[in-house]
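The values are calculated or read from the model by the stated rules, or taken from the named source; none is laboratory data. Everything quoted here is computed from the prediction, not taken from an experiment. Cβ atoms come from the backbone with ideal geometry, glycine included; neighbour counts cover every protein chain shown. Heads up: the accessible areas ignore ligands, DNA and RNA and are worked out on the full protein's heavy atoms, side chains in. Shrake-Rupley method; radii C 1.70, N 1.55, O 1.52, S 1.80 Å.
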Amino acid sequence: MRITVVGAGVIGLLTAIECARTAGVDRVDLVDAGPIPSPSATSNDRLRAVRALHRGEPALTSAAVQAQAGWMEIESLVGSRFYHPAGALTAMPTLDVATELALLTAAGAKASALSPEDLASRYPQARFAAGTGAVLEATAGVVLADHALVALARWLGSQARVRLHPHRRAVEVSQNDRVVMIRYADGGSHTADRVVMAAGPWSRELVPAAIASDLTLYRQSMLSYQPPTGRDWARMPTLLGLGPARDAWLMPTVPQSDAPMRLSAASACRPVAEMSDRGTPDQWREHLVGVFSELLPGFDPAAVVDSTDGYYLAERTRGGPLLATYGGGSVLAYAACGGMSFKFAPRIARTIADRAVGTPPSPTGLDSIDRPRQLAAVGEE
Ligand SMILES: Cc1cc2nc3c(=O)[nH]c(=O)nc-3n(C[C@H](O)[C@H](O)[C@H](O)COP(=O)(O)OP(=O)(O)OC[C@H]3O[C@@H](n4cnc5c(N)ncnc54)[C@H](O)[C@@H]3O)c2cc1C
């Protein structure tokens, strides 16, 4: 069987790896419009948070716990270290702490509860509102995303059954009998038995209109912060649930990396019609500076060394990821990645590879992936 994966972000790279590890797959082609990995991929950033707790959502929490184990397995496969389990702390009203702790431990995560006093004494770097407690997940952490993508691409490049095709932009996918044809912007084409599309925020250009019209594009701004007191932040967990709306989050420095801290909030994420550049408009940079001036005692706007915007697509009604299959299962499209696919990527890639090869799909616990949208034909509207 020949499988082509279009898009070499975290989902495409891991899906290509899972396909290459599966018996019966003779050839895996991984195609990207840019270099592999591409600097413009949503996945290609310094840090991505990998935490398990999804408040009030047992299935998602359990899926995220298993995905953490998936990251560690991938590290051993490719022989590189990029997952740093420095922990993740989710702030919440003290009344909710026991319930959320029970949710995490039932899912198999190692976690503990923190009182308002614990927070004040252990994390003086952040300001928590009165009556705020927290749950601390010990094995959550961050992936050094850019390092991970390079290591995944290197492993793929060393496999006899895998071919990497950088700088090839797919423009059309069509089907003839059981063979799928991909056409490229350079005029070339090639065929495969199965095609997996993982084109991130560019997916709307490749998937059928019936799917594209169900996707919303989001743009999110993020600050890079390098405070002079950087040492105070080393070995800190990722902090989530900050601020009055409990929607701000912060990824601290990782000792093994020179990546600055990353600060953002759901309030800096907005729907947009089209993708443009990745520069942060002044109003959004100022918005985040205002948010973190309130949350971090001694916050210094001059220590904001950079800011970037990223894009992702989400399914319009449920707001999360979307997997679709069509052409009798010959084409699988990871049409929307949502705002949290990085942490789930090892699980998502395994289930997409199972479906591509035709083996029973390993469940992810994510409903929109375990029950993909099905269209009959490649051109179906
Ligand atoms: C600011 C921000 C912060 C985030 N933080 C987190 C986090 O902390 N934790 C978390 O789990 N998730 C997070 N996410 C979400 C996560 O980053 C994404 O869900 C994930 O990286 C998407 O990966 P992907 O492989 O689907 O897409 P991408 O990484 O965008 O990869 C798509 C690839 O497809 C290629 N491509 C596009 N069109 C074509 C074409 N026509 N032909 C060939 N190739 C093509 C592109 O060049 C690109 O390399 C965040 C997202 C943003 C924007």
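Miscellaneous remarks
- Equivalent ellipsoid, the chain (semi-axes from 5 times Cα gyration tensor eigenvalues, Å): 37, 21, 19
- Under a 5 Å amide H cut-off, with hydrogens placed 1.01 Å from N, Thr42 pairs with nothing among residues at least 5 apart or on other chains.
- Accessible surface of the range 222-381 [probe 1.4 Å, protein heavy atoms]: carbon and sulfur percent: 52
- Extension gain, Glu57-Glu205: 0.36 nm per intervening residue step, less the Cα-Cα distance, totals 50.0 nm.
- Of the DSSP H helices in the chain, those that are both long (alpha-carbon extent of 24 Å or more along the helix axis) and hydrophobic (Kyte-Doolittle mean at least -0.5) are 58-78.
- The range 216-315 - Debye-derived log10 I(q)/I(0), Cα point model, q = 0.16, 0.18 Å⁻¹: -0.68, -0.85
- Listed residue (Ala98, Gly131, Ala59) projecting farthest to the positive dipole end of the chain, Cβ model: Ala59
- Modelled this way, with points 7 Å down the Cα-to-C-beta line, the labels at Arg318 and Asp186 are 3.8 nm from one another.
- Point-to-point label distance, Ser276-Ala160, nm (Cα→Cβ direction, 7 Å offset): 5.1
- Here the dipole of the chain is about 680 debye; that uses its Cα centre as origin and unit charges on the Cβ of Lys and Arg (positive) and Asp and Glu (negative).
- For the chain: accessible area per residue (Å², 1.4 Å): 40
- Using the average count of surrounding beta-carbon atoms within 10 Å as a protection proxy, the listed peptides 153-165, 60-72 rank, highest first, as 60-72, 153-165.
- Spin-label pair Ser115/Gln256, simplified geometry with 7 Å Cα→Cβ offset, distance in nm: 3.6
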